[in-house]
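The values are calculated or read from the model by the stated rules, or taken from the named source; none is laboratory data. Bear in mind the structure is a predicted one, so any value in this text is a computation, not a measurement. Cβ: placed from backbone, ideal geometry, glycine included. Neighbour counts: every protein chain shown. The accessibility values were calculated without ligands, DNA or RNA, using every heavy atom of the protein model including side chains. Shrake-Rupley method; radii C 1.70, N 1.55, O 1.52, S 1.80 Å.
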Amino acid sequence: QVQLVESGGGLVQTGDSLRLSCAASGFTFSSYGMAWFRQAPGKEREFVARISRSAISSLYGDSVKGRFTISRDNSKNTAYLQMNSLKPEDTAVYYCARSQTIRPSTSTRDFDYWGQGTQVTVSS
């Protein structure tokens, strides 16, 4: 029943921007923190950003802090990731995930539902 569907990925050049969306359904969206992770070929899944239930608090991975912004619109059951100043090392499949903890976490173990992912490719 729970479903997370990412969209907005694509092929861009270094320095460009993208906005990813995560459409949620099957649960009370406003009751859960949401996060973005990414996974490049041959690498472990990496934490990108997390936002609290009411968007009061957010966390960012060191590699994206200052460039990416996580947000949410609880009236639309949608989470977003605004990605600016993109670099080739940002190339990955980006996944939306639902938090199962109140305390913020960056571990994949603390997220119980995941979207299918959307590909972001940044060319040099």
Which whole-number value in Å² is the accessible area per residue of the chain, probe 1.4 Å?
-> 52
Obtain the nm distance between the two label points defined at Ile56 and Lys87 by a simple spin-label model: each point lies 7 Å from its Cα along the Cα-to-C-beta direction.
-> 3.3
Two pseudo-spin positions, 7 Å from Cα along C-beta at Asn74 and at Thr108, lie apart in nanometres by 3.0
What residue among Phe47, Gln13, Phe29 has its Cα farthest toward the positive end of the dipole of the range 1-68, where the charges are +1 on Lys, Arg and -1 on Asp, Glu, each on the Cβ?
-> Phe29
Per GNM of the chain with C-alpha springs under 10 angstrom, the most fluctuating residue out of Gln100, Gln13, Gln39 is Gln13
Where both partners of a DSSP beta bridge lie in the chain, what percent of those bridges are antiparallel, to the nearest 5?
-> 90
Counting only protein heavy atoms, what percent of the accessible surface of the chain is carbon or sulfur at a 1.4 Å probe?
-> 44
Amide H contacts under 5 Å for Phe111, restricted to residues at least 5 apart in sequence or on another chain and with H modeled in the peptide plane, are Gln100
In the range 31-121, the chymotrypsin sites (Phe, Trp or Tyr not before Pro) that sit in a DSSP loop and have at most 10 other Cβ atoms within 10 Å of their own Cβ are none
Go ahead and set up a Gaussian network model of the chain, Cα springs under 10 Å, then flag whichever of Leu20, Leu81, Leu11 fluctuates most.
-> Leu11
Quick one: accessible surface of Lys43, probe radius 1.4 Å, all protein chains present, in square angstrom to the nearest 10.
-> 130
